[in-house]
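To keep things clear, I will list the structure first and then write my remarks on it.
The values are calculated or read from the model by the stated rules, or taken from the named source; none is laboratory data. Quick caveat, the model's predicted, so the values are computed rather than measured. Note that we place each Cβ from the backbone using ideal geometry, even for glycine, and neighbour counts take in every protein chain shown. For the accessible areas, the whole protein counts, side chains as well, though only heavy atoms, and no ligand, DNA or RNA atoms are used. Shrake-Rupley method; radii C 1.70, N 1.55, O 1.52, S 1.80 Å.
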Amino acid sequence: AVGGNEHAAALSGISVRRTVISAHAISGGLAALAGIMLVARLQIGQPTIGDDWLILSFAAPVIGGAVLAGGHVSVIATAIGVAIVAMITQALVLFAIDPFFVQVVLGTLILCAVGLNRLREVRVERALNKVEGVQSASVNLATESARAVVLASDTAHARVARAVRDAG
């Protein structure tokens, strides 16, 4: 609701607390409306009616590449995740696999997706550390070069000053 940087949102004049609370309230209200519509359609209310959908709704964005610790989520990648989950679920149902085994397969896919995301994060961190190391080495080299230029310049100025003094 406020983006990836709450501090920047606050500096932009956005009331972060009010925005987050509003987003959660709207989400809760829409979930309640969906529950009411489901009960009206099925004409029965049971507290366990959506248990089968929980892992599906969690698996789709995670398989699509959403990072659990936060970050950027691609809508297209989430749609691909939904398609993958739907194909796997339908294939397992088509082959008359036990519904509990379907949840085990989806749980395994979630674990694999989280592991791949973590592996990708580690690789990016290593690459950034290498780049920062190269940049700091470049800064050190530039600093040493600048010192050498200043030293040479000072030496040249001293020689010119001596030559002017000796000539005059």
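Brief remarks follow.
- Rounded to 0.05, the FRET efficiency of the Asp98 and Leu38 pair, given R0 = 25 Å and the Cβ-Cβ distance, is 0.50.
- Highest average packing first - 50-59, 36-45, Cβ atoms within 10 Å: 50-59, 36-45
- Pair Gln90, Leu119: separation of 7 Å Cα→Cβ label points (nm): 2.8 nm
- Distance between the pseudo-spin-label points of Ile14 and Gln46 (7 Å out from Cα toward the beta carbon): 4.1 nm.
- Calculated log₁₀ intensity ratio I(q)/I(0) where the Debye formula runs over C-alpha points of region 31-80, q = 0.16, 0.19, 0.30 Å⁻¹: -0.61, -0.73, -1.05
- When restricted to Cα atoms, region 1-119 yields an Rg and a Dmax of 17.7, 56 Å, respectively.
- The dipole here belongs to region 68-130: it is taken about the Cα centre, uses +1 on the Cβ of Lys and Arg and -1 on the Cβ of Asp and Glu, and is about 360 debye.
- For region 64-131, the solvent-accessible area works out to 73 Å² per residue, with a probe of 1.4 Å and every protein chain left in place.
- Computed FRET value (nearest 0.05) for Leu30 with Ala83, which takes r as the C-beta separation and R₀ as 35 Å: 0.90
- These residues, Ile110, Ile21, go from largest to smallest accessible area, 1.4 Å probe, as Ile21, Ile110.
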